[in-house]
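The values are calculated or read from the model by the stated rules, or taken from the named source; none is laboratory data. All of these numbers come straight from a predicted model, not from anything done at the bench. Virtual Cβ from ideal backbone geometry, glycine too; neighbours counted across all protein chains shown.
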Amino acid sequence: MKNKTRVLTGSLIVLILTLSIVVVAQIARPYRNGSVWQVSYIQMKPGMETAYLNYLATDWKRNQEALKKDGLILSYKVLTTEAHGSGDWNIMLMTEYKNMATMEANEAKADNVLQTVIGTDEKQMQGYRDRLAIREVLENRLAREIVLEPRR
């Protein structure tokens, strides 16, 4: 009798735990992960706004469009704001990727596209050195968009 009670109690506990796991696994969240953004915070140097915006409207845009055409990025944006202090950023560059895995998996392809559009590594490094005179990169971040809708 004691053995039957133990077996029934044990079976009941296993059933309750199994049902608990199923309930936890079925929790619906009202949000889901969206795309990933690479965000650069830039400080344009005084008097150099036109020079840097000209670079963005030509070379940087050409790079972004080539990456977009090859399906390596989804979109890109440029936002400006007033700086709130002498060490604050006044322009934000944003590049949107489908997700983190896609961004990382396509690094070599993106590098090949930039080699085609801009040129050799040396030419790219010279461009970085040239832009030091007109802007300073204060920070780079990756951000994940949260879509306020349940997973489909």
Those residues that are closer than 30 Å to ASN33 by Cβ and at pLDDT 95 or above, I need them from the range 103-146; list them, please. VAL137, LEU138, GLU139, ASN140, ARG141, LEU142, ALA143, ARG144, GLU145, ILE146
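In the range 135-152, which residue that is in contact with a strand residue (DSSP E or B) (Cβ under 7 Å, 6 or more places away or on another chain) and of a type in the set (A, V, I, L, M, F, W, C) is farthest from MET94 (Cα to Cα)? So that I can check it myself, show each step before the final result.
Step one: list which residues in the range 135-152 are in contact with a strand residue (DSSP E or B) (Cβ under 7 Å, 6 or more places away or on another chain), which gives 135-147, 149-151.
From what's left, of a type in the set (A, V, I, L, M, F, W, C): 137-138, 142-143, 146-147.
On the way: VAL137: 13, LEU138: 14, LEU142: 10, ALA143: 10, ILE146: 16, VAL147: 18 Å.
Among them, the one singled out is VAL147.
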Out of (1) loosely packed, with under 10 Cβ neighbours inside 10 Å; (2) of a type in the set (A, V, I, L, M, F, W, C); (3) modelled with pLDDT under 90, the one LEU15 does not meet is (1)
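Yes/no matrix, rows are residues, columns are (1) under 15 Å from LEU142 (Cβ atoms); (2) modelled with pLDDT under 95:
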| position | (1), (2) |
| --- | --- |
| LEU19 | no, yes |
| VAL23 | no, yes |
| PRO30 | no, yes |
| GLN38 | yes, no |
| TYR52 | no, no |
| THR58 | no, no |
| ILE73 | yes, no |
| GLU96 | yes, no |
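Could you check the range 29-46 and list, in sequence order, the residues that are within 26 Å of THR80 (Cα to Cα) and either among the charged types (D, E, K, R) or in contact with a Gly (Cβ under 8 Å, 6 or more places away or on another chain) (or both)? Let's see the steps before the verdict.
Filtering the range 29-46 for residues within 26 Å of THR80 (Cα to Cα) gives 34-46.
Passing the criteria: GLN43, LYS45.
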For the range 110-152, enumerate the residues that are of a type in the set (Lys, Arg) and either in contact (Cβ under 8 Å) with a residue 12 or more places away in the chain or more than 20 Å from ALA66 (Cα to Cα) (or both). ARG129, ARG131, ARG135, ARG141, ARG144, ARG151, ARG152
Every residue from the range 75-101 that is part of a loop (DSSP other than H, G, I, E, B) and either acidic (Asp, Glu) or surrounded by 10 or more Cβ atoms within 10 Å (Cβ to Cβ) (or both): THR81, GLU82, ALA83, ASP88, TRP89, ASN90, LYS98, ASN99
Within the range 105-138, of all residues that are surrounded by 11 or more Cβ atoms within 10 Å (Cβ to Cβ) and under 15 Å from the mean Cα position of the chain (by Cα), the one farthest from LEU53 (Cα to Cα) is ALA105
With the requirement that a residue be aromatic (Phe, Trp, Tyr) and either at positive phi or assigned to a helix (DSSP H, G or I) (or both), what does the range 27-65 give you? TYR52, TYR55, TRP60
